[in-house]
Amino acid sequence: MTPAAVPPDRWLELAPLQLRDWVTGFLPASLQWLATGLITIVAILAVFGLLFAYLTLAERKILGRIQNRPGPNRTGWFGLLQPFADGVKALTKEDVVPRQADPVLHYLAPVVLVALSLLGFAVIPFGRHLVAVELDAAVLYFFAAGAATELAIFMAGWASRNKYALLAAMRALAQLISYELPLLLAFVPVVMLAGTLSTTAIVAAQGGWTLGVLPHWFVLTPWGFAGFVIFMIAALAESNRSPFDLPEAESELIAGHLTEYSGFKYALFFMAEYFGMCALCGMAVTLFLGGWQAPCAALECIPSYAWFGAKLLTLLLGFIWIRATLPRLRMDQLTRLAWKFLVPLALINLGTAAFWSLTAGWTGGLQLVRWAVALALVAGPFVLLGRRLSRGVAPRVYRYASS
Amino acid sequence: MLGTGLLQGLAVTAKNLVGSFHDPARLPTLEYPEVQPQLPEAYRNFPFLVSESAEDPMGTLRCVACQICEKECPPQCIYIEKSKDKKPDAAGKQQIFPAVFVIDTSVCMSCQICVEVCPFESIKMDQVFAIATTERFGSLLLTREQLAKPNSYYHQIHPTEAAEVDRRLAADRQAAEDKAKAAAAAKSAAPTPPAKPATGGPAA
Amino acid sequence: MSAPDSSFLAPPAGSQVRAVHDEFHGDLLEVSMGPHHPSTHGVFRMIVTLDGETIVKLKPVFGYLHRNHEKLGENTSYLASMPYTDRLDYLNSMTNNWAYALAVERLAGLAVPARAEYLRVILAELTRLLNHSCLAGFLLQDCGCSGTPLMYAFREREKILDLFESLSGSRMMCNFQRFGGCRVDPSADWLAGVQQLTDGYGAFLDEFEALLTGNEIFMARTQGVGRLAAPLAISAGVTGPVLRASGVAHDLRKVDGYGAYPQFDFRVPLGDHGDTYDRYMVRILEMRESIQILRQALARLPDGPIMDPKAKLRGFRPKAGEAYGRIEGPKGEIGFYLISDGSPNPYRYRVRPPSFINLTILEDLCLGHTVADAVIILGSVDIVLGEVDR
Amino acid sequence: MILALLLITLLILASAAVAMVLRNLIHSALLLVLSWCGIAAFYLWAGAEFVAFAQILVYVGAISMVVLFAVLLTRPARDAELSVPAVTVLRVAAGLMAAGMVASILGLAVLTTRFSGAATRAPQLTVKDLGALLAGPHAAALLVTGVILTVALLGAVLIAAPAPAPRPEDHS
């Protein structure tokens, strides 16, 4: 048994960095910073590009299995070549631009969307040493980068000159305005407790274990759990995933803002959706699930980026699972859920976190009191606000005709 | 409490996700071209004309071109032209036969009405499962030659029904023979000489 | 459309039609939903006028699938219309067949043997299970589920279709009923298959309900949406589960007591609100009653012939007169009205399609709701365009 | 570094100018967003990370939505009518007046500010320092701004809210 501070296979942990340095070592010193940056960008693009490709396949497979059918399995072994077949198909399809459309915005929208959705990856720490840019205000940067994505969706919807697309554009705007707030409010407690806006510092703040098995992840505290749930709900809405896929709303708006898109531009939208989803899930892992930290001390021998990947995939699987199960909300219900439920809960959660932070010194029996109060502060408002939210909506008892 | 319904639903989908790996009832998909479907005996798609023998299908068609099916066919996809001459049928009786018998399968809706109204058990339902042609018009217009299939094929696809039909036909033939015999006996009892029994075709 | 209305206090958005344009709300948007829209259940078209997303006017347009069904019926023999009835409501060919057979039997004075009557009940209730399962699946699909409930419903529907196929030879276009009875006598194997299906269907319904009936999102989407008041339902001639969801106890199986239904013990579920959720739940409860009917019918299925010996296939010419045969189809009252002048073809052949008549109230249900609601309201009315357009 | 500043300035001014000239309101609004992004870039250039990201979050993420909403909701949806009406003397006069007022306020602010002699680089502030400043010496200003914004928001809601809907189930 080696001490946890110096894991035996440190080289695996550092392998990506050493590989990078080995490659840049061939270049003159003046160009090395550029090469390092480029390699980081290429690595992120490659990893998440592949993740996107196989996430689409995994989504179709899992949706299929949940729906009692095997899913795509014709292209390659277990359908493993399906993403590439889809890519070739999207590339070779005719790119139809409606005559009435605004050609510049119609073209720009998917490009802007993909570009913006990639920005967020820069500040997520994928491993102990793997973060593209160390920023003091990294969390703020992440959400600033994500804030503009719905603008691109609006551009797509408006530029298509299609009534469904226009409706989708309006929905996208309303959805963004509504869910930006709970998303931001949900991570404020984390910033408060960690005392920093830097992602690496937030992950570092969640390090360590109680008794070597209980990690100090924020999600394992009452306020952290509540924050995590609010964050994930808002993240679902931000990435336009079911049950918040209102801009796309297949059964209502045909394909929403995508109605007039075809070929590779259409694929770009999907790419952006999955990138956004991955980025938000990655941020959730960073903020609440301890980032790249291993769940217990004994498992620290596994490299940190593997833990990050495992947590990320778990959250993505959850997204797919939810998509397979839940029906879509209506626009007014969507905004009501945000303003009347998530925002108050997030604000109360801020108070819970403040309480937690102030009572950090309590020990022994007081520790129990601390947990009880915090749990009550989380569960009480949830039950009360939930009752208010679902007022007038309940299962019914039916009568039968008398004859 | 808010959320219990959602969790219940998630539990159901999770059960189905896991079930699809071990419970065949939760993965009923047949992977078609590799796994061919088990068609039930009653399955019907497109009619065919029954001939007595596989060697000479055109000579042994049961159809006598009575045109009832042509009249009754709801989408009117059958076209029949009667022959000018006659041929002996299975029982050796001289019958008219269809000189032209065409079914437009692009119109046919496999309703089985022609089979039900046929008094001669000569048109039956086939079990065409995969229908794809390279050409829209000619390939879907089935002629007499394409439609004729031997009785053994009928036995193969609808064994129960075919056996019953054979029994019925045999009974009819028996009854006809008995009747003919009785008539012959009556004739022979009568003073006039008996007619020569028709034992073969004219100039076989 | 473009004349600006400058009145400052515009009437509130809602079920009233307001000015086409005002300063605070902008333009009304006219959207043509359909005929190729993913959730209009076929080639149905709704021209909706939207204020924001609220519907202020809805004009249903149909006829894209018109096939001249009634005129065809007048120009072919009685028997030749039978396969065409399969194609009216292509989910429910068995009940369409029965309603048409019932009308012809009344016209020609044919009696149906007891075994055939039981068989018809079994097939009609299987059809009801099939139709209601599909409807629930489609409705949830319209609510935005990614196909999961629909796939579960189709999984069970497949079992029923397999039974239909092994009995009648075709999955959907069964063409099974004949004037004076049924076409094929089922084997013991087939009946065992029905028994097995009946025994398993309750468990499927339980699972299906666990999936979404108690789902908060689904309840919020459907409760209070598309309310249909009983007086409007009655005056519009609405029938079937849509009518019963509005609280009107009108089920032809009880009212007419046709076929073998009086011999079975079953209940008729009623809704109190007449909204989309009630229409959904009434169908789920009806399926549970159908299972009860199937159990009883299978247990008591009598032996005997399945055809009236007087019935004949060729040269069928009922005497001059008229008849109306109606049954409680899964979608409502499906009726056939026939006038005979003694010839092989009916003189007049008229269908009373439940989908079509239930659809006439669509605008009343949708006004004041949003586009998203219109889709699920349409789904809950349960239409099949083959029957609407005929 | 000066080159970067020039580029950023060019971007801000050009997009703002084009936004004013364009006839299509949506295009103008989107160019305005670009101009805001330019301002954020300027903050980044100046080393004020936090302000830059806050600028993007607030202006690009939220204010732009409000602008677009306002344009879409108060204008007919058809393309032909989305353009701004032609220039009239009245419009020019009003525009000039507004511009003059803004310019005079800004000019007044610039003129009355006393600049210290030597231009130094901005001190490297961390987020923590910013927070301490906002919650400490400038807490009153922050609170007053918050109250004013809240009041403005409430007023907007009151003006925009339709008469109470008759249907109880409509909460939108």
What is the calculated FRET efficiency for A:Leu45 to A:Glu134, with r their C-beta to C-beta distance and R₀ = 25 Å, to the nearest 0.05? 0.80
Furthest towards positive pole of dipole, C:Val43, C:Val351, A:Ala29, structure part the protein assembly as shown, Cβ charges: C:Val351
Might you work out the accessible area of D:Glu49 for me, using a 1.4 Å probe with all protein chains in place, and round it to the nearest 10 Å²? 50
Is the C-alpha gyration tensor of the stretch A:173-280 telling us rounded, prolate or oblate? Criteria: a/c under 1.5 is rounded; beyond that, a/b larger than b/c is prolate, otherwise oblate. prolate
Return the equivalent ellipsoid semi-axes of chain C as a descending list in whole Å, where each equals the square root of 5 times an eigenvalue of the C-alpha gyration tensor. 40, 25, 17
Global form of chain A, assessed from the alpha-carbon gyration tensor, a/c cut-off 1.5: oblate
Heavy atoms of B:Phe129 accessible to a 1.4 Å probe, total area in Å² rounded to 10: 90
Please give the solvent-accessible surface of A:Arg388 in Å², to the nearest 10, using a probe radius of 1.4 Å with every protein chain present. 130
Work out the mean other chain Cβ neighbour count within 10 Å for the residues of C:75-85 and drop it here as an integer. 4
Please work out whether the stretch C:238-277 counts as rounded, prolate or oblate from its C-alpha gyration tensor, where a ≥ b ≥ c are the square roots of the eigenvalues and a/c under 1.5 means rounded, while otherwise a/b larger than b/c means prolate and anything else oblate? prolate
Computed log₁₀ I(q)/I(0) - Debye formula, equal Cα scatterers, no solvent, chain B, q 0.11, 0.12, 0.14, 0.18 Å⁻¹: -0.68, -0.76, -0.92, -1.28
Selected from B:Ile123, B:Ile113, B:Ile103 as most flexible by GNM, with chain B as the system and alpha-carbon contacts under 10 Å: B:Ile113
Keeping all protein chains in place and using 1.4 angstrom, which order do A:Lys61, C:Lys310, C:Lys59 fall into by accessible surface area, from largest down? C:Lys310, C:Lys59, A:Lys61
Point-charge dipole on Cβ atoms (K/R +1, D/E -1) for the protein assembly as shown, about Cα centre, debye to 20: 1040
Solvent-accessible ranking of B:His22, A:His216, A:His106, D:His27, largest area first, probe 1.4 Å: B:His22, A:His216, D:His27, A:His106
Which of the listed residues, A:Leu193, C:Ala101, A:Gly351, is farthest toward the dipole's positive end in the protein assembly as shown, when Lys, Arg count +1 and Asp, Glu count -1 at the beta-carbon? C:Ala101
For the pair D:Val110 and C:Thr49, how long in nm is the line joining their label points, each one 7 Å along Cα→Cβ? 5.4
Would you kindly state how much longer the chain becomes between B:Ile96 and B:Glu52 on full extension, computed as 0.36 nm times their sequence separation minus their alpha carbon distance, in nm to one decimal? 14.3 nm
Compute, for the stretch A:98-385, the length of the dipole vector about the Cα centre, with Cβ point charges of +1 (Lys, Arg) and -1 (Asp, Glu) only. Units Debye, rounded to 20. 340
Point-charge dipole on Cβ atoms (K/R +1, D/E -1) for the stretch A:30-92, about Cα centre, debye to 20: 320
Quick one: among C:Val375, C:Val184, C:Val282, which has the greatest mean-square fluctuation in a GNM of chain C with alpha-carbon springs under 10 angstrom? C:Val184
Show me the helices of chain C, taken as full DSSP H stretches, that run 24 Å or more along their long axis by Cα and average -0.5 or above in Kyte-Doolittle hydropathy. C:114-142, C:148-168, C:188-212, C:276-300
Taking every DSSP beta bridge that has both residues in chain C, what percent is antiparallel when rounded to the nearest 5? 95
Antiparallel %, DSSP beta bridges [both residues in chain B], to 5: 80
C:Lys331: which aspartates and glutamates have alpha carbons under 17 Å from its alpha carbon, excluding same-chain residues fewer than 8 sequence positions away? C:Asp86, C:Asp89, C:Glu125, C:Asp251, C:Asp256, C:Asp275, C:Asp278, C:Glu286, C:Glu289, C:Asp382, C:Glu387, C:Asp389
One quarter of the C-alpha convex hull surface, i.e. the mean projected area of the protein assembly as shown in nm², amounts to 62.2
Expected unfolding gain across C:Leu72-C:Gln196 under the 0.36 nm per residue rule, minus the alpha-carbon gap, is 40.7 nm
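The values are calculated or read from the model by the stated rules, or taken from the named source; none is laboratory data. Just so it is clear, the model here is predicted, and its values are computed rather than measured. Please note: Cβ atoms are built from the backbone with ideal geometry, for glycine as well, and neighbour counts cover all protein chains shown. Areas reflect the complete protein model, heavy atoms only, side chains present, ligands, DNA and RNA absent. Shrake-Rupley method; radii C 1.70, N 1.55, O 1.52, S 1.80 Å.
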